[in-house]
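Since the structure comes first, as structure tokens, the remarks are kept for the end.
The values are calculated or read from the model by the stated rules, or taken from the named source; none is laboratory data. Being a predicted model, the structure only gives us computed values, none of them experimental. All Cβ positions, even for glycine, are placed from backbone atoms using ideal geometry, and neighbour counts span all protein chains on display. Areas reflect the complete protein model, heavy atoms only, side chains present, ligands, DNA and RNA absent. Shrake-Rupley method; radii C 1.70, N 1.55, O 1.52, S 1.80 Å.
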Amino acid sequence: MSKDYSNGAAHVRGAFVPIDEATIPVLDWGLTRSDATYDVVHVRNGAFFRLDDHLKRFQRSLDSLRLVPPYSMGEMARIAAQCVVLSGLRNSYVALVSTRGRPRIAGSRRPQDCENTFIAYAIPWIDVIPPDVQERGAHLHIASVPRISSRSVDPTVKNYHWGDLTRGLFEAHDAGFDTTVLLDADGFVTEGPGFNVFVVQDGRVLTPDRGALEGITRQTVLDLCAMKRIDAAIVPLRRSDLLEADEMFCATTAGGVMPVSRIDGHIMSNDGPGPISMLLKEFYWAQHDAGWHMTPLDYENFEEPYAARLGA
Ligand SMILES: Cc1ncc(COP(=O)(O)O)c(C=O)c1O
């Protein structure tokens, strides 16, 4: 019987499996030490968005952590694409992950002794902030827990060190907010759990200059602003910039441009999404539909270099 990939497809330990069967060994340092990096690219209407930019960032992350997966970048991209094709998903998140793996010599504590892994998977698209919440504008809480120092964990290397972000989420949910944004130990705005943040002040679109992933969506917002001749900049931002903002929005692969209407006690744009946020959100999706930075997948005629291992 052929396997059911409709919930998503993964590639682990050299084989394609349905997402619900994708597992990693308990002794993988990716699990025991959060020693891993990853990237997530989305597929919209059957085409990747900014695939090359995601692959370049993934390579930078791998290099930074001295991870060497057992495939070339071209092979990894192809495996990830094959996960999408297998799943048949037209709208999907596609993750490329590399973990430190397990030491080849049992008990070794040397990261050099580990057999680095590559995992890919494609799962159905779900916005990180649900569409109905985006429609009224998300309510954000400024967490009391500071973002982990970027001198300890480089936030520009996409990572699973989410302890601070998760604490911020609990705090926000306990206080009745949708999600959270973290400041660093010096009081500067960084990012939220899975997204970059932007404020709009006097018509200028601003995003933090520190403590955050250099998001592909963040870059896209800056590009879209340039195309629309909206003044935009990467600058230091403090708590007061959030609490005095005219508008605010979050930006991520997992949802695009997502408007915010409240940040703690500060209510913006008559308690709804602001006009510049909405303009950028709509332009973001319109540019997708126009084929900007899109790489279409061929679902029908996908060459299958790994067909023998599919077991389908
Ligand atoms: C911590 C963090 N910041 C920002 C982002 C947004 O990055 P991108 O736009 O590349 O998805 C993500 C994405 O998942 C993230 O995990």
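Amide hydrogen proximity for Ala232: with H placed 1.01 Å from N in the peptide plane, the residues at 5 or more positions away or on another chain lying under 5 Å are Val205. When both bridge partners sit in the chain, DSSP labels roughly 80% of those beta bridges antiparallel.
Considering all different alpha carbon pairs of segment 203-312, the Kirkwood hydrodynamic radius works out to 16.2 Å.
Against the longest principal axis of the chain, how steep is helix 275-289, in degrees 0 to 90 to the nearest 10, with axes from Cα atoms? Orientation of helix 275-289: about 30 degrees from the principal axis. Secondary structure note: in segment 131-273, about 65% of the DSSP beta bridges are antiparallel. With all protein chains in place and ligands, DNA and RNA left out, the 1.4 Å accessible area ranks Arg167, Arg102, Arg136 as Arg167, Arg102, Arg136, largest first.
Per residue of the chain, the DSSP helices (runs of n ≥ 4 H) give a summed -39500 (n - 2.57) that works out to -8000 deg cm²/dmol at 222 nm. Lys56 sits among other residues whose Cβ lies under 13 Å from its own Cβ, and their net charge, with Lys and Arg +1 and Asp and Glu -1, is -1. Counting only protein heavy atoms and a probe of 1.4 Å, the accessible surface of the chain is 51% carbon and sulfur. Rg over Rh for segment 131-273 works out to 0.93, both radii taken from alpha-carbon positions and Rh defined as the Kirkwood radius. Solvent-accessible surface of segment 131-273, averaged per residue with a 1.4 angstrom probe and all protein chains in place: 42 square angstrom. A simple spin-label model places pseudo-atoms 7 Å from Cα toward Cβ; at Asn7 and Ile105 they are separated by 4.1 nm.
In the context of the full protein assembly, Ser150 retains an accessible surface of approximately 60 Å², using a probe radius of 1.4 Å and ignoring ligands and nucleic acids.
When only alpha carbons of the chain are considered, Rg and Dmax amount to 20.1, 62 Å.
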